[in-house]
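The values are calculated or read from the model by the stated rules, or taken from the named source; none is laboratory data. Given the structure is predicted, the values throughout are model-derived calculations rather than measurements. Cβ: placed from backbone, ideal geometry, glycine included. Neighbour counts: every protein chain shown.
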Amino acid sequence: MSPEAICNLLKKRFGEAIVATAADTPHPCAVVRAVDWLVVARFLRDDPQLRFNMLRCITALDLVADNKLAAVYDLVAMHDKWAAGNREQGRASEQTGSVADDGGGLDYACLHIFAVRIEVERANPHIPSVAAVWPAADWHEREAYDLMGIRFDQHPDEVSDHDGTHPRRILCPDDWEGYPLRKDYLYPLEYHGIPGTTEYELTSPKH
Amino acid sequence: MKNLILESQPDIYFDSELQQDLQTEEMLVNMGPQHPATHGVLRVVLRTDGEYVLEAVPHIGYLHRCAEKIGENLQPYQYVPKTDRMDYLAAMNNNQIFSIAVEKLAGLQVPERARQIRVIMAELNRLASHLVAFGTYGLDMGAFTPFLYAFREREMILDLFEMVCGARLTYSYITPGGVMVDLPEGFVERCYEFLDYFMPKIAEYNDLLSYNHIFIKRTANVGVISAADAIAWGLTGPVLRGSGVQWDLRKNLPYEGYEQYEFEVPVGMSAGGKMAVPAGWPDTVVPESVVVGDSWNRYAMRVVEMYWSALIVRQALDRLAPGDIIGKVPKNMKLPAAEVYFEGEGARGQLGFLVVGDGFAIPARVKARGPSFCNLSILDHVCRNCLLADVPAIVGSIDVVMGEVDR
């Protein structure tokens, strides 16, 4: 399916849960409302037309201009051409030319690629966890919390703090303060007696 | 006891009343961060009951070097050396995939010769990386000799790289728009010489390690990952293919002209199966007691892939066209306000980069999706109910590079 067809299907099925779509960009995606994400995710995985069985990556973004945080989910549908068990038969019929070959001669072919984007308020960044839909999300969500501070609710590996629960940190130590990838992150000047750097003007050197 | 309890029905060990009597006190075993079998600074906390592992929790982050934050402060060409240090055993592949992501974002054109050189470099580096995986996996399983053989051949590949760009580990050779310098005089001949020498060696590796009785005993039917699990956990590369999923981005979503090269994608098989090798080379028959998705299959994927990588290098050398090695790249390249996610087949799996531009020379965000990061996340799921001595066999067969896991 083309990204446009996927966008239309989602819009038709979920209506206002799909906030916006961008089908003809280099990175086609649909913006989904955070509260509906778990339902949409299950649909993306289970719908016989879509079958997005692999979650490739979750990227956390800091949208400073909109005062929002975003999570981008990159999905791919890997399609087993011969539906297990039928492999030998399938290969034989492929040689006679009766099956269309769309995977470069491999058993698996790429059905389609799509991305989902979820934007949440910076002050209250809650997104439902999809680790139950794609187990791959477990570590990606932990990383997104660790580095960007997006709180994934009902995460399988969660700990609580004064603001409620959040996934356990993964790359930084458990007692680390702040979320390093946010644009307004202040570099710590001290961590357990280890001095941080003060030599540089630590703002973004951009512009 | 092992046959009776574990191999037939793993769960019975934990359920039946009879076994309750045999259970001993649970113990936490800390494996790493400097345990030699964990390939770097991976720490796994194992909850064990006697010799059985009940839970294996990986703790990562010991090598976290803020690669993504640094990406928000450097121009793409300056960031290329940083990608070297992610998967330091396959730096060319990292350079290549990051460069393609930037090219897609900025709309740069790459000359044909540069694309061919990139394929040569990426496949040679895949060979070097698989050789390390092969050698160190032998070490993990108690075989020292294969390691020396593997490093002998890897040394030759590193010499070739040194000839091209002066570096032996962190190359920064491939850059957005093309490659840094042209191939030196005599490189093509030396590369052919190396391939002639190398291809017969692969059968030697099989004799040395793949069909070694002890090695098969240690790896066959150990750490089995089903195809459905492999896909759900986002595993890629040899680990995914070892589980019987024939999926390779070089074929499925070709980039860098891979669709012009003839090669096949080997896939995990159970005992008696014949792995796909190029015509004229000895068959790689899967030995007894191996099942799809076990450690032996994951290991064998890398050995058999070496044939095809060597074949791709040869094809690329054959058709090497004269011409430019780098396209037009503006000095102070402004990245358009858009985002691009690109994934390519690295040595360990699919390496992905999401690059977000916002009209300035420095990207607003660079996200790296390391294949080792995703491959490692299944460790707990696989290690449950296995023997303590099998943990190194499983970790080794996943072949993680911690530089990429922690970034």
message: I need every pair where a residue in segment A:150-174 that is more than 14 Å from chain B (Cβ to nearest Cβ) and basic (Lys, Arg) has its Cβ under 7 Å from the Cβ of a residue that is assigned to a loop (DSSP other than H, G, I, E, B) and surrounded by 13 or more Cβ atoms within 10 Å (Cβ to Cβ), sequence separation at least 6 or different chains.
response: A:ARG151/A:PRO125
message: All but one of (1) assigned to a loop (DSSP other than H, G, I, E, B); (2) within 14 Å of the chain's Cα centre (by Cα); (3) facing chain B (nearest Cβ under 10 Å) hold for A:VAL130; state the number of the condition that does not hold.
response: (3)
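Taking A:GLU88, is it on the phi < 0 side of the Ramachandran plot and either modelled with pLDDT under 80 or away from chain B (no Cβ under 12 Å) (or both)? Can you show your working first?
Numbers: on the phi < 0 side of the Ramachandran plot: yes; either modelled with pLDDT under 80 or away from chain B (no Cβ under 12 Å) (or both): yes.
Against the criterion (on the phi < 0 side of the Ramachandran plot and either modelled with pLDDT under 80 or away from chain B (no Cβ under 12 Å) (or both)), A:GLU88 qualifies.
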- line: Across segment B:169-197, the tally of residues that are under 25 Å from the mean Cα position of the chain (by Cα) and surrounded by fewer than 15 Cβ atoms within 10 Å (Cβ to Cβ) stands at 4
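So if I check each of A:ALA60, A:ALA77, A:ALA34, A:ALA70, which one is among the small types (Gly, Ala, Ser) and buried (at least 23 other Cβ atoms within 10 Å of the Cβ)?
Working: A:ALA77 fails: buried (at least 23 other Cβ atoms within 10 Å of the Cβ); A:ALA34 fails: buried (at least 23 other Cβ atoms within 10 Å of the Cβ); A:ALA70 fails: buried (at least 23 other Cβ atoms within 10 Å of the Cβ).
Selected residue: A:ALA60, the only one of A:ALA60, A:ALA77, A:ALA34, A:ALA70 that is among the small types (Gly, Ala, Ser) and buried (at least 23 other Cβ atoms within 10 Å of the Cβ).
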query: Checking B:VAL292 against (1) within 14 Å of chain A (Cβ to nearest Cβ); (2) surrounded by 21 or more Cβ atoms within 10 Å (Cβ to Cβ), which test does it fail?
result: (2)
Hits in segment A:15-39 (condition: hydrophobic (A, V, I, L, M, F, W, C) and either within 14 Å of chain B (Cβ to nearest Cβ) or under 16 Å from A:MET1 (Cβ atoms) (or both)): A:ILE18, A:ALA22, A:ALA23, A:CYS29, A:ALA30, A:VAL31
- prompt: Mind checking which residues of segment B:42-77 are farther than 30 Å from B:GLU103 by Cβ, within 12 Å of another protein chain (Cβ to nearest Cβ) and of a type in the set (A, V, I, L, M)?
  reply: B:VAL57, B:ILE60
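Only one of B:GLY327, B:GLY323 is touching a strand residue (DSSP E or B) at 6+ places or on another chain (Cβ under 7 Å) and more than 30 Å from A:MET78 (Cα to Cα). Can you tell me which?
Numbers: B:GLY323 fails: touching a strand residue (DSSP E or B) at 6+ places or on another chain (Cβ under 7 Å).
Result: B:GLY327 is the single residue among B:GLY327, B:GLY323 that is touching a strand residue (DSSP E or B) at 6+ places or on another chain (Cβ under 7 Å) and more than 30 Å from A:MET78 (Cα to Cα).
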message: Given the criteria touching a Cys at 6+ places or on another chain (Cβ under 6 Å) and surrounded by fewer than 20 Cβ atoms within 10 Å (Cβ to Cβ), does A:ALA5 qualify?
response: no
field: Subset tally (residues that are out of contact with any helix residue (DSSP H, G or I) (no Cβ under 9 Å at 6 or more places or on another chain) and either under 23 Å from B:ILE231 (Cα atoms) or more than 10 Å from every other protein chain (Cβ to nearest Cβ) (or both)) for segment B:347-358
entry: 0
query: Only one residue in B:LEU139, B:LEU169, B:LEU183 is more than 17 Å from B:MET306 (Cα to Cα) and part of a helix (DSSP H, G or I). Which one?
result: B:LEU139
query: So is B:ASN221 polar (S, T, N, Q) and touching an Asp or Glu at 6+ places or on another chain (Cβ under 6 Å) or not?
result: yes
field: Candidates B:GLY327, B:GLY344, filtered to the one that is closer than 30 Å to B:GLU262 by Cβ, more than 10 Å from chain A (Cβ to nearest Cβ) and at pLDDT 90 or above
entry: B:GLY344
Test for A:ILE113: is it within 25 Å of B:VAL405 (Cα to Cα), more than 10 Å from chain B (Cβ to nearest Cβ) and not charged (D, E, K, R): no
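Which of the helices (runs of 4 or more DSSP H) found entirely inside segment B:220-274 contain at least 1 residues meeting this: within 7 Å of chain A (Cβ to nearest Cβ) and of a type outside the set (Asp, Glu)? Working first, answer last.
Details: elements: B:227-232, B:238-242, B:249-252.
Per the criteria, B:227-232, B:249-252.
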- line: So the strands (runs of 3 or more DSSP E) completely within segment B:299-407 holding 2 or more residues that are touching a Pro at 6+ places or on another chain (Cβ under 8 Å) and buried (at least 24 other Cβ atoms within 10 Å of the Cβ) are B:350-356
- line: Among residues of segment A:41-57 being surrounded by fewer than 20 Cβ atoms within 10 Å (Cβ to Cβ) and basic (Lys, Arg), the residue farthest from the chain's Cα centre (by Cα) is A:ARG51
statement: Conditions (1) surrounded by fewer than 20 Cβ atoms within 10 Å (Cβ to Cβ); (2) within 28 Å of A:ALA136 (Cβ to Cβ) -> B:PRO200 fails only (2)
